[in-house]
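A short worksheet on the structure shown next.
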Amino acid sequence: MTTYDERASLSDLTSTADDVRRSVESVIEGKPEAVRLSLTVLLAEGHLLIEDVPGVGKTMLAKALAKSIDCSVRRIQFTPDLLPSDITGVSVYDQQSRDFEFKPGAIFAQIVIGDEINRASPKTQSALLESMEERQVTIDTQTYELPVPFMVVATQNPIEMEGTYPLPEAQRDRFMARLSIGYPSPEAELEMLDVHGGISPLGDLQPVAHAHDIVKLIDAVRTVHVADSVRRYAVDLVTSTRQHPELRLGASPRATLHLLRAAKAAAALAGREFTLPDDVQALAVHVLAHRLLPTAQAQLNRRTAEQIVAEILQQVPVPAADARRPPPPQMPPAYGGGAHSPDGRRF
């Protein structure tokens with residue numbers, strides 16, 4: 001298990017991310033892109049919504065990612081009778097101290113797995129809004145900070161809708177990306193039967209990275225350079241969703257921020273210190289589609305948000321190849337041959 005004393009470099013990031021990726025892929029057979037997107041969201045300080053049919057490994061992917069990192073993990077089974085206090089916590093009166101004592105809820109973990117999130121009532125779902133956006137919980141006028149890193153990995157089944165409460169727009173908008181795992185290939189399913197036919201695949205999984213390693217890797221992702229042309233490209237894509245005739249609700253400014261953060265994480269995982277338009281393109285459907293609402297006519301025509309985003313990617317001009325790499329540092333003029341300027345700044 002690797003530890004770092006200083007800020008993680010790009011080589012540290014790719015090395016540790018590869019260790020986590022291989023650990024998760026030992027459980028999730030034949031889905032490298034799904035595993036890579038999960039890592040991208042983690043390093044971009046986002047939250048992940050896994051939406052797919054039962055039995056394809058939604059919860060298994062979330063658990064494998066959590067067990068591959070030595071951090072606190074809590075699992076919440078969302079049910080109709082789940083209360084907001086079960087998630088955030090509650091203040092309990094202590095007879096001995098004659099004062100109220102706060103009992104933290106399940107949200108106070110570094111990785112929170114929310115299984116079947118759409119089975120809880122809207123009141124309970126709303127308990128996640130503050131924690132997912134501001135990374136804090138407010139109970140009885142007291143604010144409690146959540147641990148770092150903090151990531152919510154939620155699952156839901158889009159097929160069985162009986163007894164479920166669809167996620168409101170405000171809740172979906174807080175998820176950085178939505179992922180559909182899909183069925184494995186016949187070869188991957190055969191390998192799954194050979195390897196995991198008799199034992200639980202999570203039983204022997206050991207952490208390959210510490211929580212503080214992930215924090216340093218997140219800091220390294222923040223330093224990835226984004227050219228002005230790439231920023232403009234991300235804004236143009238999001239703006240196009242707000243103007244599209246087949247969408248009655250486009251992507252929010254939060255979506256633009258999430259798209260850029262995810263692109264920086266994807267660039268870092270690829271071993272680059274700068275983002276490319278390709279990074280934005282590869283993530284646009286995952287980051288934008290779940291936030292969009294097609295019009296009634298588009299739904300009658302069986303048009304999905306994913307198809308509309310794919311068309312927007314074809315229509316919006318891609319920026320030229322210039323300004324991809326970060327500009328060289330500008331050397332300030334020398335002041336008496338010293339290594340500091342008169343105001344004390346280091347060169």
Qualifying residue in region 5-17 (condition: open to solvent by less than 40 Å² (accessible area, probe 1.4 Å) and at pLDDT 85 or above): yes
Any hit, region 242-262, residues being under 18 Å from S11 (Cα atoms), surrounded by fewer than 24 Cβ atoms within 10 Å (Cβ to Cβ) and out of contact with any helix residue (DSSP H, G or I) (no Cβ under 6 Å at 6 or more places or on another chain): no
Residue in region 207-220 that is closer than 28 Å to G57 by Cβ, within 21 Å of the chain's Cα centre (by Cα) and in a strand (DSSP E or B) present: yes
Residue tally, condition of a type outside the set (A, V, I, L, M, F, W, C) and either closer than 21 Å to V148 by Cβ or part of a helix (DSSP H, G or I) (or both), over region 23-77: 19
All strands (runs of 3 or more DSSP E) inside region 87-147 with 3 or more residues being open to solvent by 40 Å² or more (accessible area, probe 1.4 Å) and either in contact (Cβ under 8 Å) with a residue 60 or more places away in the chain or touching a Ser or Thr at 6+ places or on another chain (Cβ under 9 Å) (or both): 99-104
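Residue-wise test of (1) touching a residue at least 60 places away in the same chain (Cβ under 8 Å); (2) among the polar types (S, T, N, Q); (3) closer than 27 Å to A265 by Cβ.
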| residue | (1), (2), (3) |
| --- | --- |
| E187 | yes, no, no |
| M192 | yes, no, no |
| A209 | yes, no, yes |
| Q243 | no, yes, no |
| R248 | no, no, no |
Condition check for D81: open to solvent by 30 Å² or more (accessible area, probe 1.4 Å), closer than 27 Å to E169 by Cβ, among the acidic types (D, E) and outside any loop (DSSP other than H, G, I, E, B): no
Test result for D194, over 18 Å from D279 (Cα atoms), open to solvent by 30 Å² or more (accessible area, probe 1.4 Å) and part of a loop (DSSP other than H, G, I, E, B): no
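The values are calculated or read from the model by the stated rules, or taken from the named source; none is laboratory data. Computed from a prediction, not measured in an experiment: that's the story for all the values here. Note that we place each Cβ from the backbone using ideal geometry, even for glycine, and neighbour counts take in every protein chain shown. Side chains are part of the model used for accessible areas, which takes the heavy atoms of the whole protein and leaves out ligands, DNA and RNA. Shrake-Rupley method; radii C 1.70, N 1.55, O 1.52, S 1.80 Å.
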